[in-house]
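**Student:** Provided herewith is a single structure, encoded as structure tokens, for subsequent inquiry.
Each value in this text was obtained by applying a stated rule to the coordinates, not by laboratory testing. Note that the coordinates shown come from a computational prediction; the quantities given were computed from them, not determined experimentally. Positions of Cβ are generated from backbone atoms using ideal geometry, with glycine treated the same way; all protein chains shown enter the neighbour counts.
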Amino acid sequence: MKEFLFEELAGLEPDIYNLNARMQCWRDGEVYEYISSPRERSGLMYLSGCNAEYEWQGGSMTAERGSLLFLPQGINYRVTFSGVTIRENAYLANFCFRDCVPEERIILISSEAGELASDFRELAALYISTSASPLCFKSRMYSLLWRAVNLYRTSRKASTGGIGAALRCMEEDPTGRISEPRLAALCGMSVPTLIRTMKLYTGMTPKQYSLSLRLKKAKELLSGGIYTVNEISELLGFSSPSHFCAAFRKSVGVPPGEYARKGY
């Protein structure tokens, strides 16, 4: 299955199934977890009257009242609720993706998602209605998902310190051939400022971020079984197949040939 980033949904036309939506009533200090088994469906979680602290392997996040989150299927995590102000304090819309899976990372779509509160309430009401059409419910779920993706892209652009153009450019052309001066010019800043800002908002320099995108694309191409290691090295702009193999092994833990053979 193809793995995708949440913001890539806008261009994927995904098929979703196994849908539901409901209002939730959490109590202060209450804990819910997917530890012994992973989350079976993806979900959009809107915190209408509480805060939530999420912990998963490799990450953690605190989301305050008014936040909207994306919870991917396949992830193991624990969430603790606090700051409850009203009885009906959260909304959850669940769905599965067919033929593709999201990356296993909880996404804070927006910390100010109140504009979607009515969408969640209407979706939850539709789900329990005995007269609502399943087609209507599914179309409303698609609409909510689309609005969430757009909200995330807008929030991300506003929170990346002016480097949004550089991030999009690297994501759209993961070959590593886009120079730092060109990326800096796209953002209207100097190269040192670009590097400093990239490290602040992504934890990586432009070169490191570009390499992470190229290796992610390499895994996708290897899993497809169409291209050879040498072809992928050339497609993704590595100086040589040996350079590609060394970078891939350092990041993933196995050589690209073994990754392809074993179907990781």
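**Student:** Work out from phi, with θ = phi - 60° and the Karplus expression 6.51 cos²θ - 1.76 cosθ + 1.60, the ³J(HN,Hα) of each residue of segment 39-52, listed in order in whole Hz, and give x for Gly and Pro.
**Tutor:** So the Karplus estimates, Gly and Pro as x, are 5, 7, 10, 7, x, 10, 10, 10, 8, 7, x, 7, 10, 8 Hz.
**Student:** Additional query: If you plug each phi of segment 3-13 into the Karplus form 6.51 cos²θ - 1.76 cosθ + 1.60 with θ = phi - 60°, what whole-Hz ³J(HN,Hα) values come out, in order, with x for Gly and Pro?
**Tutor:** Values, residue by residue: 8, 9, 8, 3, 5, 6, 4, 4, x, 9, 6 Hz.
**Student:** Provide the percentage of antiparallel DSSP beta bridges, counting only those with both residues in the chain; round to the nearest 5.
**Tutor:** 90
**Student:** Still on this structure, please answer the following. Treat each spin label as a single point 7 Å out from the Cα along the C-beta direction, and report the E40 to D28 distance in nm.
**Tutor:** According to this spin-label approximation, the distance is 3.4 nm.
**Student:** Zone of S139 (label point 7 Å along Cα→Cβ, backbone N under 17 Å): which residues in segment 1-24?
**Tutor:** Output list for this probe position: 16.
**Student:** Which whole-number percentage describes the relative contact order of segment 4-133, with Cα contacts under 8 Å and a sequence gap of 6 or more?
**Tutor:** The normalised contact order for segment 4-133 reaches 36 percent.
**Student:** Taking amide H atoms as placed 1.01 Å from N in the peptide plane, list the residues 5 or more away in sequence, or in a different chain, whose amide H sits under 5 Å from that of S110.
**Tutor:** L68
**Student:** Enumerate the calculated ³J(HN,Hα) couplings along segment 187-195 in order (Karplus 6.51 cos²θ - 1.76 cosθ + 1.60, θ = phi - 60°), each rounded to whole Hz, writing x wherever the residue is Gly or Pro.
**Tutor:** 8, x, 9, 6, 4, x, 5, 4, 4
**Student:** Extent of segment 200-255 along each principal axis, from alpha carbon coordinates, in Å, largest to smallest?
**Tutor:** Extents along the principal axes, in whole Å: 37, 21, 21.
**Student:** Please compute the contact order of the chain in relative form: average sequence separation of alpha-carbon pairs under 8 Å and at least six residues apart, divided by the residue count, as a percent.
**Tutor:** Over the chain, the number comes to 17 percent.
**Student:** Okay, moving on. What percent do you get for the relative contact order of segment 164-262 when only Cα pairs under 8 Å and 6+ apart count?
**Tutor:** With pairs under 8 Å counted, the relative contact order is 23 percent.
**Student:** A further question follows. In whole Å, how far is the Cα centre of segment 107-135 from that of segment 154-229?
**Tutor:** First find each Cα centre; the distance between them is then 34 Å.
**Student:** Rounded, prolate or oblate: pick one for the chain, where a ≥ b ≥ c are the square roots of the eigenvalues of its C-alpha gyration tensor, a/c under 1.5 means rounded, and failing that, prolate if a/b is larger than b/c, else oblate.
**Tutor:** Taking the square roots of the gyration eigenvalues as a ≥ b ≥ c, the chain is prolate.
**Student:** What's the extension gain from S212 to Q57 if we count 0.36 nm per residue and subtract their Cα-Cα distance?
**Tutor:** 53.9 nm
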